[in-house]
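The values are calculated or read from the model by the stated rules, or taken from the named source; none is laboratory data. Since the structure is predicted, the reported quantities are computational estimates derived from the model, not experimental observations. So basically every Cβ, Gly included, is an ideal-geometry build from the backbone, and we count neighbours across all protein chains shown. The protein model used for the area step is the full one, side chains on, heavy atoms only, and it has no ligands, DNA or RNA in it. Shrake-Rupley method; radii C 1.70, N 1.55, O 1.52, S 1.80 Å.
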Amino acid sequence: MVPDKQWIKLVDTDRFSETYEDGVEQFLDYAFKMTGEIDMIRCPCVRCNNTDYGSREIVRSHLKVNGIMKNYTFWYHHGERRCESDSESEELEEESDNEVEEMIQDFESESEELEVVGDDGVREMIEDLYHGRTGNEFEDDSSNYKVDGEEPNEQKH
């Protein structure tokens, strides 16, 4: 079972508390057990960002000094699997899954609306905006450049 992850919330306020330090130790025990690694694991501190590897001592030090990445709540680099979670992690995952699903649905509905408009719809909007004129008509008609009966670059007196 995945250890409690409440300690991650203390990263900005109390990294030297007993709760945070216990959480770091539980994370390290879990990570080394689940990955099967003996010497090195990815370091989830804010500086290493799970790209660098470190020994238990190095990762422990980095998590205390630099802090863990706040958004690293599903420990996939450290052996956590989707079917394995504690109850709070499951709630967070469900909320996250729902948010992602909503974003996908929003995107799909917006895409469908855009597809309805298509190239013809865009052309119609442009023609409406420019009163039915096309590109060539703008080049031939210098009246487009007159403002209040003035010629371009003409100064008012």
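Out of the residues in region 10-35 that are among the small types (G, A, S) and free of Cβ contacts under 8 Å to residues at least 40 places away in the same chain, state the one that is most open to solvent (accessible area, probe 1.4 Å).
S17
Can you pull out the residues in region 36-58 that are part of a loop (DSSP other than H, G, I, E, B) and either open to solvent by 90 Å² or more (accessible area, probe 1.4 Å) or farther than 16 Å from G79 by Cβ (or both)?
Passing the criteria: E37, I38, D39, V46, R47, C48, N49, T51, D52, S55.
Within region 13-35, work out how many residues are assigned to a helix (DSSP H, G or I) and basic (K, R).
The number of residues fulfilling the criteria is 1.
Hey, can you tell me all the residues within region 63-84 that are within 16 Å of G23 (Cβ to Cβ), over 17 Å from the mean Cα position of the chain (by Cα) and open to solvent by 60 Å² or more (accessible area, probe 1.4 Å)?
V65
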